[in-house]
Every structure is written in C-alpha cells, then in structure tokens.
1. Using a cut-off of 11 Å between beta-carbons, work out the net charge of the residues near residue 137 (Lys and Arg +1, Asp and Glu -1, residue 137 not included).
2. When the chain is treated as a GNM, springs tying every alpha-carbon pair under 10 Å, which of 333, 276, 135 comes out with the largest mean-square fluctuation?
3. In terms of Cα to Cα distance under 18 Å, which lysines are near enough to residue 225, apart from those fewer than 8 places away along the same chain?
4. Determine which residues of region 7-47 fall in the zone a paramagnetic label at residue 75 would reach in this model, i.e. backbone nitrogen under 13 Å from the point 7 Å along Cα→Cβ.
5. For region 8-345, what does the accessible surface come to per residue with a 1.4 Å probe? Please give it in Å².
6. Between residue 351 and residue 14, what is the FRET efficiency for a Förster distance of 25 Å, r being their Cβ-Cβ separation, to the nearest 0.05?
7. Going through region 185-242, which trypsin sites (Lys or Arg not before Pro) have at most 13 other Cβ atoms within 10 Å and a DSSP loop state?
8. Rounded to the nearest percent, how much of the accessible area of the chain (1.4 Å probe, protein heavy atoms only) is carbon and sulfur?
Amino acid sequence: MAHLFEPLTVRSITLRNRIGVSPMCMYSYKDGLSNDWQVVHLGARAVGGAGLVISEATAVEPRGRITPHDVGIWSDAHIEPFTRVTRAIKSNGAVPGIQIAHAGRKASTNRPWDHNGSPIQPDEPDGWPVAGPSPIAFNDDYPVPHELSVEEIHAIQNLFRDGARRALTAGFEWLEIHAAHGYLLHSFYSPLSNHRTDDYGGSFENRIRFLMETVKMIRSVWPEKLPLAVRISGTDWAEGGWTVEESVELARHLMKEGVDLVDCSSGGGVSGVHIPTGPGYQVPISEAVRSTGILTAAVGLITNPEQADAIIRSGQADIVLLGREMLRNPYWPLQAYRSLKQPAPIPSQYLRAF
Ligand code: FNR
C-alpha cells in the first residue's frame, strides 16, 4: 500500500514523495517574464520538502493571461528566466513542473488585490478583448467573448504546443495543461459555456475535441520520457453542467493519448454557484477518475498530514497537491514527515532547527 512519503515514478521521473505544490498564480511579473520572486517562492517550497513543485498558470499568449501581471511562455525570451526557477527547484530535491494555460473568456482582469480582481474592459488601458467558444460572458461584469473560429482554435493549439516546447528547453520535467476553472479549455468542454454547433460543440466528443487535439499536439513535442498531466474541473457544480461521470469518460480518452495524470479540481466555470467546500471536498472526484486506471492528484482543503496520508493509503489519489497551506507554510512537507514519524529530507543547513 502506497503512503504519503513513498516515492512515485512516472515515466522517467521520480518524485521523492507524494506531496506537491499546487499551481498558484502570483501575478507578479512584467511582460510575462519570470523573476526573482518566482525563483525564491518556488525554490523555498522545494527546500520545504515537496516532491513536486508546479509553477503557476503560465499563459501561452498575452491574450491568455488572467491579468496583465501573469507569467507567460509565448516567446523564446521567456525561457532563460525560467531556467533559474527550474534550477532552484531541482537543486533542492523537487521535480520542477509548469502549468500552461489560456484564460479564455475569464482573461483581462485585475489582480485579486486590485479592485477585487474585477474584469478590465477591452477599451481600458490595460485590458484586451477576450475569446471563448461562444459569445457568452462569464457574468454581467465580464465582456462578451469573441467566438473563436476553427482557424483560431488551431492557432491557439499551436501556441500550447510551442509553450510546451519552450517549457522543456527551460528545464521543466513535468507539464500540466490547465483545463479547469472556467478558462479556455474548460469553457469548451462545459455545455454551459459552449453552445457551438460545429465540430467543437454539442456532443461530448465535440466538446472535448479542443482539449484532446491540444493534448495530442503537446504529446508530439513533450518527450515520451516525461510526465504529462491535465488539470480538470471535475464538475461544474451546476444543473446542466459538466459532470463527474463525464470526467471519468474524459480520463479514458486522455489516457489513450498519453496523459499520465489527471489533477482533479472543480468549478470556476459558472459564476455564483454554491460549491460544498470542506476538508478534501474534491477527493471523491479524484477517486472516481482514478477508477479508470489513470494516475490522479487530489487537491482542495488538504491541510493535515494524517488526512493527506489517508488519501494516498486509501487509493483515492496518487499525489496530494496543497495550495494555500503551502503559502502559509513552505515547510509543511518536512513537518509532515516529522509528525508521522518518518525520516525527513531536512536540508543539512536547517538540521539544528528540526
Ligand atoms: C490558485 N489556484 C490555481 N489553480 C490553478 O490551476 N492554476 C493557478 O494558477 C491557480 N492560482 C491560484 C492562486 C492562488 C493564490 C490560490 C490560493 C489558488 C487554485 C489552487 O491551485 C488550488 O487548486 C486551490 O487553492 C485549492 O487547494 P487548497 O488551497 O485548498 O489547498
């Protein structure tokens, strides 16, 4: 029976334990270029003992940023600053991961701490026109997205592929495609945001087509020996929306295209829905998806070592990802080893403190 501290090998990559840092936007960059903040922030979490450190949603084009301050990977100039991040993570014992993303109709907003993250309208100085599957705004505050043509869909898929290639050059060893939280790829597979009548809308197969084709293109440039993951919103938590059953079916399709792991999040696609949050509330989604045989990550209000260990031991997930808890405490993994009485990978420099 696997446990929290047992290494996990996926393709040629071995994580020293099953604890990962969930991707979290820092909104702290200029022109999408990584910087000292990201090196220190993610490097610290590798020092803190995580096995996997996934850097935040990284835009494949400027229009795909959530805010003007997001990090990106849309040009070769973005590669070199990221090499400092991957080195800081890897040299401290963790596997460097990246989440590549396109914000779709939820792009062009303020940072959460500026004007409550409200949308920036296209005619405002820092704003830009947003795009999505159908001309349906996220809510009344957001602009109506431009309905992407098939040619534009293909162009964005090329941008995802190019982003993956650059991530490889920058030294990332784990790639996650962001297909959750109401951003572009999720907005295509959810029937609530996608009302198209062409090959990219309507049936389940059509709604997942954008994601599936993107996966195929990425797998063609992302080496066989490296893991590929997809973060999904396992349910829209809304009447008539995407369901856990569809997520399970999607996982079967993803597995066939060489995806190794599904990172099981939820929501974000429908404004104002009630989400029944509580400790580990998304774990059942991970458990359902894992029944297909694909590896999964569980995320969402996982905060204590016993809870995290039980998720792995009971076979509900292969990895646990922690978000906010890792912001509060980068040393959570080292302390978890200690509290569950396991030998911890404490950096020699810190031995006198543990
Ligand atoms: C997030 N989350 C998130 N998710 C994602 O897929 N890409 C991202 O870039 C971000 N950005 C982000 C920033 C911040 C500040 C927070 C708090 C969250 C969601 C995050 O990865 C995680 O799924 C949730 O926070 C739930 O896990 P916790 O925080 O309950 O452990």
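1. Numbers: positive: 105, 106; negative: 140, 141.
So the surrounding residues net to 0.
2. Of the options given, 276 has the highest mean-square fluctuation.
3. The qualifying lysines are 90, 216, 256.
4. The answer is 30-34.
5. On the way: 12420 Å² over 338 residues.
Accessible area per residue, region 8-345: 37 Å².
6. On the way: r = 24 Å, r/R0 = 0.96.
Rounded to the nearest 0.05, the efficiency is 0.55.
7. Details: sites: 196, 207, 209, 216, 219, 225, 231; in loops: 196, 225.
When the trypsin sites (Lys or Arg not before Pro) of region 185-242 are filtered for loop state and at most 13 Cβ neighbours within 10 Å, 225 remain.
8. Details: 7110 of 13700 Å².
Using a 1.4 Å probe with all protein chains present, the chain comes out at 52 percent carbon and sulfur.
The values are calculated or read from the model by the stated rules, or taken from the named source; none is laboratory data. Small disclaimer: the values here were computed from a predicted structure and weren't measured. Cβ coordinates were reconstructed from backbone atoms using ideal geometry, including for glycine residues, and neighbour counts include every protein chain displayed. Note: accessible area is taken over every heavy atom of the protein model, side chains too, but ligands, DNA and RNA are not part of it. Shrake-Rupley method; radii C 1.70, N 1.55, O 1.52, S 1.80 Å.
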